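**Q** Here you go, one structure.
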Amino acid sequence: MIDEPLPWKIALQAIAASPLTATLEGGCLLNRSTMSESIQYLTNEQGERVGVVLDLPTYTRLTHTAALDEDCLVGLSADELKALASCKLAVAEQTHLDDLLARNAASLLCADEVAELDALLAKADQLTLLKTRARYTQHYK
């Protein structure tokens, strides 16, 4: 087996070189003359772009978009996100909510019960948002 250098090592060696254009193995060129410092392109002998070299901050920004998205729940494992995405109100709370909703539909709630219903609905809404954020975050993992 031939021990070939990894593509990223070739690119790093080319970036470290001082000329504006560096020749890489396989005839690829790293053209630094017209590119920004954060993104540089590898081109073949015909001038076609065949690869890209990113500086570390740009690479981090592009690969860690979940950390930048305020709706993503960072720091949770895939299993934790799955559990969170499938959680529900406790059975007792759900039963009480169902009872309050049925009685509210029949206009049988007093003012305290209406406030309790509003609080339970707000809690259910917050749980729904959290579950949705967990599902959304799962797509990044």
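The values are calculated or read from the model by the stated rules, or taken from the named source; none is laboratory data. This one's a predicted model, so the numbers in the text were calculated from it and none came from an experiment. All Cβ positions, glycine included, derive from the backbone under ideal geometry; neighbour counts span all protein chains shown.
**Q** Residue pairs, Cβ under 6 Å, 6 or more apart or interchain, first in the range 113-140 and touching a residue at least 12 places away in the same chain (Cβ under 8 Å), second among the charged types (D, E, K, R). List them.
**A** Close Cβ pairs (under 6 Å, with a partner that is among the charged types (D, E, K, R)) amount to Arg133/Asp71; Tyr136/Asp71.
**Q** Going by the structure shown, is Thr34 of a type in the set (Val, Ile, Thr), modelled with pLDDT under 80 and either under 30 Å from Thr132 (Cα atoms) or over 18 Å from the mean Cα position of the chain (by Cα) (or both)?
**A** It is true that Thr34 is of a type in the set (Val, Ile, Thr), modelled with pLDDT under 80 and either under 30 Å from Thr132 (Cα atoms) or over 18 Å from the mean Cα position of the chain (by Cα) (or both).
Table: residues versus (1) assigned by TED's automatic domain parsing to the domain that holds Ile39; (2) among the β-branched types (Val, Ile, Thr); (3) loosely packed, with under 11 Cβ neighbours inside 10 Å; (4) part of a loop (DSSP other than H, G, I, E, B).
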site	(1), (2), (3), (4)
Gly51	yes, no, no, no
Ala83	no, no, no, no
Ala92	no, no, yes, no
Leu101	no, no, no, no
Leu109	no, no, no, yes
Asp112	no, no, yes, no
